[in-house]
1. At a probe size of 1.4 Å, how large is the accessible area of Asp218, to the nearest 10 Å²?
2. If all Cα-Cα distances of region 69-121 are sorted into 10 Å bins from 0 onward, what percent lands in each bin, rounded to whole numbers?
3. Can you figure out the FRET efficiency of Asn233 with Ser53, using R₀ = 41 Å and their beta-carbon distance, to the nearest 0.05?
4. If I take every Cα pair under 8 Å that is 6 or more residues apart in the chain, average their sequence separation and divide by the length, what percent do I get for the relative contact order?
5. Beyond 26 Å, how much of the Cα-Cα pair distribution for region 72-231 remains, as a whole percent?
6. Suppose all protein chains stay in the model; what accessible area per residue would a 1.4 Å probe give for the chain, in Å²?
7. Carbon and sulfur: what percent of the chain's accessible surface (1.4 Å probe)?
8. Specify, per residue and in Å³, the volume enclosed by the convex hull of the alpha carbon atoms belonging to the chain.
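The values are calculated or read from the model by the stated rules, or taken from the named source; none is laboratory data. A quick note: this is a predicted structure, and the numbers were derived from the prediction, not measured. Counting neighbours? That spans all protein chains shown, and the Cβs are built from the backbone with ideal geometry, glycine included. For the accessible areas, the whole protein counts, side chains as well, though only heavy atoms, and no ligand, DNA or RNA atoms are used. Shrake-Rupley method; radii C 1.70, N 1.55, O 1.52, S 1.80 Å.
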Amino acid sequence: MLCVFVILALLISVGGFLKLNANRDAATSTSAMSDVNPLSAPQIPTGSGVPTSVNMGMPGATSVTSLQAPLTASHVARFTLTAQAARLSIGTGVELPVWTFNGTSPGPTLRVQQGTLVIVTLVNHLAFGVTIHWHGIAVPNAADGVAGLTQDAVKPGQSYMYRFFANDSGTYWYHSHQLSYEETGGGLYGMLIVEPTTPTYHEDVDYSIALHEWIEADNQPILTLNSSQKTLNEATRPGQWVRLRLVNTSSSASGIPTLVTLVGTHFKVIALDGHDLNGPQWLDQTPLPIGTAQRYDLLFQMPLHGPVTLVEANENDTLHYLNSPALVFGQDTKPSSLPNVKSWFDLTTYGLPARSTLNLLSHFDASYNIVLNNMEGSSLGRMGMTYTLNGRVFPNTGMIMVHEGQISKIRFDNQSGFYHPMHLHGHVFTVLTHNGKPLSGSPVQVDTILVPPHQSYDVAFIANNPGLWMLHCHNFLHANWGMDMMVAYTGISTPFTIGSASGNFPD
Ligand code: C2O
Ligand code: CU
């Protein structure tokens, strides 16, 4: 396609080998922040095979910079998020050097009413460029926070203003989209909750949890719940209704989802990626697989006796739940013995069927097949395991070109042995089939679909938000090694470029 040609024309080789992922070496400290934070700044890729200047825009008169929300509205919520270094004590005597928004990781949970104009000023007090991407929110393109596509990474000492309407209620999150693997992994993320104008459920307690794995220097992941490696307690009373919002903010090589469940009472999954499910049934100790970037909203009622405990199993052992960290609701301590992991929650059979705007009978203007795989190769000048879309690594993966109103179907055909949580910016996927089989439960809308090894999903989306949007594996390690492409609307250009000239590398 046209853009592949443009990209190839812009690729320039310079020479040299690059090691990108060395930032966890706690002994290295170079910047002015070094006394506060021994994490070394993420390295901008340089050398042979690193693109110098790639422009992802289409020929056309509309620039991404013009795709903005208005400056004011009747309901406005303003926030300032300052990217800064900190030491995070995770409750077990361990202090991690991390990057934060406003001194904490997760950063502040932003809560807004549906329909509000959200205005966020990002201030950068770190020694390297950062951005903020509003994951799952259909923001105007200029607010999407992708370095080299919708803005330049915000330089040290500088700031950037994001404006968007929070039109869809639900559980969302935000994170840096410059060198995302290192920056988001290093702590630059937080949650964004949009409260519905007309609630579907009553809840007495609304609790949100980010599950994050910190990759230590020895490559041993440390799993935390809201930055605690210890068990958390939330005082609740019998009979109270609890809404528990979960997001997985980690990346790992295998991409194996974190499994979570509740012990002590039955529960419902009432929303996936912020979108309500229809007719959710009660579940009992069912393990919920949460891939990177996915969200689950759970609803349960506190029983008359005993606690309700959130437990997790991770990729090291998906058959047994961990003793800690855990989250205990109620006055008691967590149960002394935990159940075994039984068969996983299946989003394709859960809930009740209902009408959905997009479905298998919809007319699709275009269909795309994207094969997910991996192979030894080179990406951004490094040799190693690359993760491919149709056999290619970014920025040679091509584009999906759409026009406004187009209805597209995508088949994600995972031919690899890894899990790939595939995410499209600015839009929502309606899930059509899993391994060719139509869904039998509730309609499912997600922004991130977790495609297990050797399985496939068909999804559909309506092109209703003009701009240039990333489509990538949200396991940032995979994205960092090739697994990204663009969905580009005809006629939308960008003044920004990805590559060593600008220093913009979205992941
Ligand atoms: Cu959470 Cu490219 O996004
Ligand atoms: Cu992946």
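1. Approximately 110 Å² of Asp218 is accessible to the 1.4 Å probe.
2. The distribution over region 69-121 is 23, 37, 23, 15, 3, given as percents.
3. On the way: r = 52 Å, r/R0 = 1.27.
So, using R0 = 41 Å, E works out to roughly 0.20.
4. Numbers: 1453 pairs, mean separation 89.6, N = 507.
It comes to 18 percent, rounded to a whole number.
5. Numbers: 3652 of 12720 pairs.
Beyond 26 Å sits 29 percent of the P(r) for region 72-231.
6. So the chain comes to 36 Å² accessible per residue, rounded to a whole number.
7. Details: 9700 of 18450 Å².
Here it works out to 53 percent.
8. 138 Å³
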